[in-house]
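Each reported figure results from applying straightforward, stated rules to the coordinates on display, with no laboratory input. Computed from a predicted structure; not experimentally measured. In this analysis, Cβ positions are derived from the backbone assuming ideal geometry, glycine residues included, and neighbour counts consider all displayed protein chains.
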Amino acid sequence: MGTMTNTEMQTELRRNLGNRSTAEFDSDRLQLLLNLAQVRLARVYRWDELEDVQSLTTGFTSTPADDKYLTVPVGTRKIHSMRLLDDEHSRKLRWVHPRNWDKIVPMPEDKEVNRPTHYTRYNEKFEFFRVPDAAYSLELRRSIWPTKLTSGAQTSDFLEKDDLLILLATVIAWTQLGKEDRAMGFWKIYRSMLGDAIPDAEETPDAEIKGFDGPYREGPLGEYWANPFIMDTWP
């Protein structure tokens, strides 16, 4: 998360605006500008700090027409994977495009109820096939939208990007005031700093570089048949 509070970012934002009066830029408006900047910064890149693992439970009322649906958690932007957790029956659910879904399973509740194997998302609802025959635990890997700033002591969800938020909010403010030259000056600074932040976010120090001479292995395989990461063996 950020290191500066909402109030501290507003103070710096006001300074970038030439200490304009509170009558023109009160705390509520400065906060709105920072929240607009948060959304715009989130759109630019898939930041690690805006990735999340969310636990859910499928509904089960014994009415398949209702149980096939589950509300998408608030703040969800993109789903990267969904797993059903049920001991040895655990599995990754397969996503299906809504258009294909409507063609293949137009009425999921008319089929056998069981552990879900597929899902689709439309607006703010998940729909499952098969329709759950019990309440199952789910785990989502997802991208989220940043939490809105609402209190003075609150910090941003962005990690060490307070400066970017302040600069981008400054650009929005000067643009609204019709001061395109001043907006462009801060925009150039923002773009330069953003160019430094993205390569840093793309680094993966723990990534292993594999050769091209066969599957990777390290040390004795042991019970290789019980290891899902081992796809092949060789003498």
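Just a few scattered comments:
- Crossing angle, helix 27-44 versus the chain [Cα axis fit, 0-90 degrees, rounded to tens]: 50
- Amide proton proximity set for Glu160, modelled H, under 5 Å, gap of 5+: Gly2, Thr3
- Each Lys and Arg contributes +1 and each Asp and Glu -1, all at the Cβ; summed about the Cα centre of the stretch 49-143, the dipole is approximately 460 debye.
- Positive-end residue, the stretch 49-143 charge dipole about Cα centroid, Cβ charges, pick of Val113, Leu70, Leu93: Leu93
- Listed values (i) 1.11; (ii) 0.95; (iii) 0.93 include one computed from this model; for Rg/Rh (Cα atoms, Kirkwood Rh) that value carries the label (i).
- Positive end of the dipole of the chain (Cβ unit charges, origin at the Cα centre): among Trp145, Phe129, Phe25, the Cα lying farthest that way belongs to Phe25.
- Dipole magnitude of the stretch 1-72, debye to nearest 20 (Cβ charges: Lys/Arg +1, Asp/Glu -1, about Cα centre): 360
- Size of charge dipole - the chain - debye, nearest 20, with Cβ of Lys, Arg +1 and Asp, Glu -1, no other charges: 1000
- Residues whose amide H comes within less than 5 Å of that of Gln154, counting only those at least five positions distant or on another chain, are Asn6, Thr7 (H built at 1.01 Å from N in the peptide plane).
- Helix 180-202 vs. the chain, principal-axis angle (Cα, 0 to 90°, nearest 10): 30
- Across the stretch 148-164, computed HN-Hα scalar couplings (Karplus, 6.51 cos²θ - 1.76 cosθ + 1.60, θ = phi - 60°) run 5, 6, 10, 10, x, 7, 6, 10, 6, 5, 5, 8, 6, 10, 4, 5, 5 Hz from first to last residue, x flagging Gly and Pro.
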